Every structure is written in structure tokens, then in C-alpha cells.
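The values are calculated or read from the model by the stated rules, or taken from the named source; none is laboratory data. Please read these numbers as outputs of a predicted model, since none were measured by experiment. Neighbour counts are summed over all protein chains in view; Cβ atoms, including those assigned to glycine, are modelled from backbone coordinates with ideal geometry. The area values use the complete protein model at the heavy-atom level, side chains included, leaving out ligands, DNA and RNA. Shrake-Rupley method; radii C 1.70, N 1.55, O 1.52, S 1.80 Å.
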Amino acid sequence: MIQPWKTIRSAPVGDFRIFKIRSDTRVSPRTGKEHDFLIFESVHWVNVIAITPDQKLVMVEQYRHGSNTIELEVPGGMMDPHETDPVATAVRELHEETGYLGENARLLGRVHSNPAIFANFTYTVLIENCRLHHGVEFDHGEDLETRLVPLEEVPKRVADEKIGHSLVVVALYYLDLWQRGIKKA
């Protein structure tokens, strides 16, 4: 039976502005041997499922440096260190990135961002009846284009790999579960 590994040492390795790395020495419950693991510590992340009254998904297109690609994604981002409410963060991110505001913002789901190495969560927040309120307020490192995608087109865009960010695909899966009445929000 799988069991948690006991941590016997933990030490910081580095601080890289958007995440910190620590080294944990843990003992295998099966073998009793020590192993070293690198753990990335980060604030939590938020993805926003923003739906307009005419059933379009508010999305953003942006260049991603890691993959060197232009990606179609839902709005979202990192929770600021002082933020504790993913719903409030989602409302802020949607407003800043797209200029849209909506109603009935609520948590739709939560996943471990990458449990192999990251210690944070990615939250998916649903916001309905979204309407354009004002122009965008980009962070200094952002360059985005807002796209409105009919909800019925979203699954095909995922299937055709036009939407390829793994955490965005998870958020869209939560949307699908909510639309089918399997996931309550």
C-alpha cells in the first residue's frame, strides 16, 4: 500500500522571483532509503472560465516564452502573495487582462498544478454574464489579445490542439463537467 514519505531534512536552494526551490530529503517507506527531491514553491494560480450572455468564452491569445508559441488560453494568473481568495483573484485577473466583468463568480474546481514537483494549486473560477467594461490593464510582461470563442467550439479546439496549455485544458474540463451537471459550482 502506497504511503507518504517521511521528510527528514528540508533546505532552501534558491529564490527565482516567481517561485522558490527547496531540497527535501525523504525516506522511502518501502526501502527505508533516503532520496533527495527538488520541490518548487509558488503562490497558487487561477484560471477563469468567463462566459458572456451570448454563450461565448472570454479567452486570451498570448506568446508563451517556455514553449515559444502563441497560445489560446482562458484568462488567469498567479495569486498575489497577499491574496487568499482565488475567486477575488479571478475577478481581478479577468478585469485586468480583458476588461470584462461578470456575475456570480464562484469556485469550480482545484487541482495540484504538478504534484511531482510543485507544492501549489491551480483554481478554476466560473464567472457568468461577462461584459466588456473597459480597456485592458496589462502587467509589464504581458501582451494579450482578447478572443471570444463560442462555447460549442471549445471542445473541437482542444481536440485539434489549438488549445494546448495543460492547466487550461483542465479548466475547460471543469467547464464541461459543470455544463453536464456532474460538477456543481
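Is one or more of the residues making up segment 82-104 open to solvent by 20 Å² or more (accessible area, probe 1.4 Å) and touching a residue at least 60 places away in the same chain (Cβ under 8 Å)? No, every residue in segment 82-104 fails to be open to solvent by 20 Å² or more (accessible area, probe 1.4 Å) and touching a residue at least 60 places away in the same chain (Cβ under 8 Å). Restricting attention to segment 53-112, the residues that are part of a loop (DSSP other than H, G, I, E, B), over 16 Å from Val169 (Cα atoms) and touching a helix residue (DSSP H, G or I) at 6+ places or on another chain (Cβ under 9 Å) add up to 4.
Answer yes or no as to whether Leu107 is touching a residue at least 60 places away in the same chain (Cβ under 8 Å) and open to solvent by 60 Å² or more (accessible area, probe 1.4 Å). Full working, then the answer.
Numbers: touching a residue at least 60 places away in the same chain (Cβ under 8 Å): yes; open to solvent by 60 Å² or more (accessible area, probe 1.4 Å): yes.
Yes.
On inspection, Val27 passes the criterion of being without any contact (Cβ under 8 Å) to a residue 24 or more places away in the chain, among the hydrophobic types (A, V, I, L, M, F, W, C), open to solvent by 20 Å² or more (accessible area, probe 1.4 Å) and more than 28 Å from Val136 (Cα to Cα). Apart from one condition, Gly135 fits all of (1) modelled with pLDDT under 95; (2) touching a His at 6+ places or on another chain (Cβ under 9 Å); (3) open to solvent by less than 60 Å² (accessible area, probe 1.4 Å); the exception is (2). The set of residues from segment 56-81 being touching a Phe, Trp or Tyr at 6+ places or on another chain (Cβ under 9 Å), β-branched (Val, Ile, Thr) and surrounded by 13 or more Cβ atoms within 10 Å (Cβ to Cβ) comprises just one member, Val58. Note on segment 138-160: residues that are under 26 Å from Asn120 (Cβ atoms) and either open to solvent by less than 50 Å² (accessible area, probe 1.4 Å) or of a type in the set (A, V, I, L, M, F, W, C) (or both) total 5.
Checking the conditions here, which among Ile163, Ile182 is at pLDDT 95 or above, assigned to a loop (DSSP other than H, G, I, E, B) and loosely packed, with under 13 Cβ neighbours inside 10 Å? Outline the logic, then answer.
Values: Ile163 fails: loosely packed, with under 13 Cβ neighbours inside 10 Å.
Among Ile163, Ile182, only Ile182 is at pLDDT 95 or above, assigned to a loop (DSSP other than H, G, I, E, B) and loosely packed, with under 13 Cβ neighbours inside 10 Å.
Within segment 40-52, track down each residue that is surrounded by 17 or more Cβ atoms within 10 Å (Cβ to Cβ) and either in a strand (DSSP E or B) or of a type in the set (Lys, Arg) (or both). Result: Phe40, Trp45, Val46, Asn47, Val48, Ile49, Ala50, Ile51.
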